[in-house]
Amino acid sequence: MSQDFLPLNGTDYVELYVGNAKQSALYYQYAFGYELIAYAGPETGVKDRASYVLKQDKIRLVLTSPLHPEGPIADHIRKHGDGVKVLALWVDDAELSWKETTSRGAESASEPKKISDDHGHVVVSSIKTYGETIHTFVERKDYKGIFLPGYQPRSSTYTAQPIGLKYIDHCVGNVELGEMNRWVEFYENVMGFKLLITFDDEDISTEYSALMSKVVSNGNGYVKFPINEPAAGKKKSQIEEYLDFYKGPGVQHMAIATDDIIQTVTELRKRGVEFLVVPSSYYDDLLDRVGKIDEDLQPLKDLNILVDRDDEGYLLQIFTKPVQDRPTLFFEIIQRKGAKSFGKGNFKALFEAIEREQGLRGNL
Ligand code: FE2
C-alpha cells in the first residue's frame, strides 16, 4: 500500500503575469464576475510589482505586473505574453511537500520559507513544472489574513456581479512533441499523481491537425492536470500554434466549474466574452448522441454549449477564444452532471472550430 506522499487540499490560487495587471483586474471583475479582495504593490511596501487578488467562490486569481523593465516578471511577459506563471496548491505542510517532491527529482523554484505579518504566518515553497510554469505549495493553517502576508485587503468601486463560477475543475498544459509522457511521468513519480485518461490522435484528430492528451489526477481527485502534445497532421496542430506564440510549454486553458452553465454563459456573452463557434449542425443529432438531458436544446444551441456523455453521466462545456492577442491562454466553462470525463465526444467539433480561428490568423 503506498501512501499519498503529497496530500493536496486543492488549488490555492493561479497567478498570471500580465502586461497591465490594473486593467486585467478590471476585465476579470467586469467580464467574469470576480471580486477584487486584495492587493500588493508600492503602497503596501512591495517595490517591484503590483499584484491584484480576485476571488469568486473557491477560485482565486492573482494578476501581477512588473513596475520596471528588468527582472524575471518582465522577462516572462516579454517572452510569453500574458500567461499563467503559478499553479499554487494548498497543502498542510509546504516544507514536507517541497522535500517529498524535490527528493523525487523535482527542480526547486524556491526553498520553503515562512512569511509572517500581523495575521499569522504561511509557509510557501515552489517547484518547477513544464516550461517556465511553477507549482507553489501554500501552507496557510496558521494564517488569518486576506490572502498572503504582504497583501492588504482591497475592494473596487465597481461591484462585481458573480456569474456562478465555483472552482477550478482542471488546468491543461501544452508541451512539445514527444514531451507529454515525460511530464505525465513527472506528475506520477514526483507528485504521486495517477494517470486517469489517455486520448490519442485517433480520438482527437480532424482533417488537418491532431493532438495527444493524457490526464493526471492527484489522490483525492481535487487537482487534475491534462497534458497535451501536438501530433502530426496535414497542417499545423493547434498545440504547435500555442507553442509558437507562447514560446514554449505553458498553461493552455483553465476549466472552471459552474452549476448553471446556461446562466453563466449568458452573462459572459452579455459582457463581451468571445467563445468558439461550432456549426449549428452539431445540434441536429445531439440528443441521439447523448440521450436525455435536463436542459432544453434551444438555449444550448443559442449559446453554443456542447454536451458529452460518459458511463457516469453527462457534462456541458464551452471554450472561450484566447483572452489575449496571442493565441495562447483561454478558459473552459464546464458543468458536470455526473460525468467525470473531459468531453471526448466534442473534440472533433471543437478542434474544427479552433482550426477555423487558426486559419483566420494565418497559422494553419
Ligand atoms: Fe478542458
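The values are calculated or read from the model by the stated rules, or taken from the named source; none is laboratory data. Note that the structure is predicted; figures quoted are calculated from it, not measured. For neighbour counting, all protein chains shown are included, and Cβ atoms are generated from backbone atoms with ideal geometry for every residue, glycine included. Protein only, heavy atoms only, side chains kept; ligands, DNA and RNA dropped before computing areas. Shrake-Rupley method; radii C 1.70, N 1.55, O 1.52, S 1.80 Å.
Can you give the net charge of the other residues whose Cβ lies under 9 Å from the Cβ of LEU61, counting K and R as +1 and D and E as -1? All intermediate terms of the calculation are to be shown ahead of the outcome.
Details: positive: LYS55, ARG60; negative: GLU15.
Charge balance near LEU61 sits at +1.
Farthest towards the positive end of the charge dipole of region 165-361, among the residues LEU315, LEU303, LEU268, is the Cα of LEU268, using unit charges on the Cβ of Lys, Arg, Asp and Glu. SER125 contributes about 0 Å² of solvent-accessible surface, heavy atoms of the protein only, 1.4 Å probe. Between LEU360 and ASP75, full extension at 0.36 nm per residue minus the direct alpha carbon distance yields a gain of 99.7 nm.
Evaluate the charge dipole of the chain about its Cα centre and quote only its size in Debye, nearest 20, assuming +1 on the Cβ of each Lys and Arg and -1 on the Cβ of each Asp and Glu. Numbers along the way, then the final one.
Details: 43 positive and 55 negative charges, 159 e Å.
Here the size comes out at about 760 debye.
In this structure the amide hydrogen of LYS337, modeled in the peptide plane, comes within under 5 Å of the amide hydrogens of TYR314, LEU315, LEU316, none closer than 5 places in sequence on its chain. Rounded to the nearest 20, the size of the Cβ-charge dipole of region 165-361 about its Cα centre is 440 debye, with Lys and Arg at +1 and Asp and Glu at -1. Note on region 10-153: dipole from Cβ charges, positive end direction compared against SER116, VAL62, THR101; the farthest Cα belongs to VAL62.
According to the square roots a ≥ b ≥ c of the eigenvalues of the Cα gyration tensor, what is the shape class of region 95-213, taking rounded for a/c under 1.5, prolate for a/b larger than b/c otherwise, and oblate for the remainder? List each step's numbers first, then the result.
Details: a/c = 2.96, a/b = 1.44, b/c = 2.05.
Here region 95-213 falls in the oblate category.
How much mean residue ellipticity at 222 nm does the chain get from its helices, if each DSSP H run of length 4 or more adds -39500 (n - 2.57) and you divide by all residues, to the nearest 500 deg cm²/dmol?
-6000 deg cm²/dmol
For region 277-286, putting each phi into the Karplus relation 6.51 cos²θ - 1.76 cosθ + 1.60 with θ = phi - 60° gives couplings of 10, 9, x, 5, 5, 3, 8, 4, 10, 4 Hz, in residue order, rounded to whole numbers and with x for Gly and Pro.
Mind checking the per residue accessible area of region 165-361 for me, 1.4 Å probe, whole number of Å²? Walk me through the intermediate numbers first.
Working: 8170 Å² over 197 residues.
Averaged over the residues of region 165-361, the accessible area is 41 Å².
Too long at a 22 Å Cα-Cα cut-off: which of LYS58/LYS301; LYS194/LYS292; LYS58/LYS344; LYS166/LYS340; LYS166/LYS337; LYS79/LYS214? Don't skip to the answer; put the middle values down first.
Numbers: LYS58/LYS301 29 Å; LYS194/LYS292 32 Å; LYS58/LYS344 26 Å; LYS166/LYS340 16 Å; LYS166/LYS337 15 Å; LYS79/LYS214 27 Å.
Those over the limit are LYS58/LYS301; LYS194/LYS292; LYS58/LYS344; LYS79/LYS214.
Derived scalar couplings between HN and Hα for region 290-301 equal 9, x, 6, 10, 6, 7, 6, 5, 4, x, 5, 5 Hz in order, rounded to whole Hz, by the Karplus curve 6.51 cos²θ - 1.76 cosθ + 1.60 (θ = phi - 60°), x for Gly and Pro. Karplus-derived 3J(HN,Hα) values for region 42-59, using 6.51 cos²θ - 1.76 cosθ + 1.60 with θ = phi - 60°, are x, 5, 10, x, 9, 8, 9, 7, 10, 10, 10, 9, 10, 9, 8, 6, 8, 8 Hz; glycine and proline are entered as x.
Based on protein heavy atoms only, region 1-135 ends up with 45 Å² per residue of surface accessible to a 1.4 Å probe.
I need the GluC sites (Glu not before Pro) found in region 247-334, filtered to DSSP loop residues with at most 15 other beta carbons within 10 Å of theirs. Numbers along the way, then the final one.
On the way: sites: GLU267, GLU274, GLU295, GLU312, GLU332; in loops: GLU274, GLU295, GLU312.
Sparse-neighbourhood loop GluC sites (Glu not before Pro): GLU274, GLU312.
Where in region 41-81 does the label zone of ASP117 land, with the point 7 angstrom along Cα→C-beta and an amide N cut-off under 13 Å? Taking a point 7 Å out along Cα→Cβ of ASP117, the residues of region 41-81 whose backbone N falls under 13 Å are 41-47, 51-53.
When only alpha carbons are used to place a centre, region 41-60 and region 292-364 end up 31 Å from one another. Per-atom-type breakdown for the chain gives carbon and sulfur 49% of the accessible area (1.4 Å probe, protein chains only).
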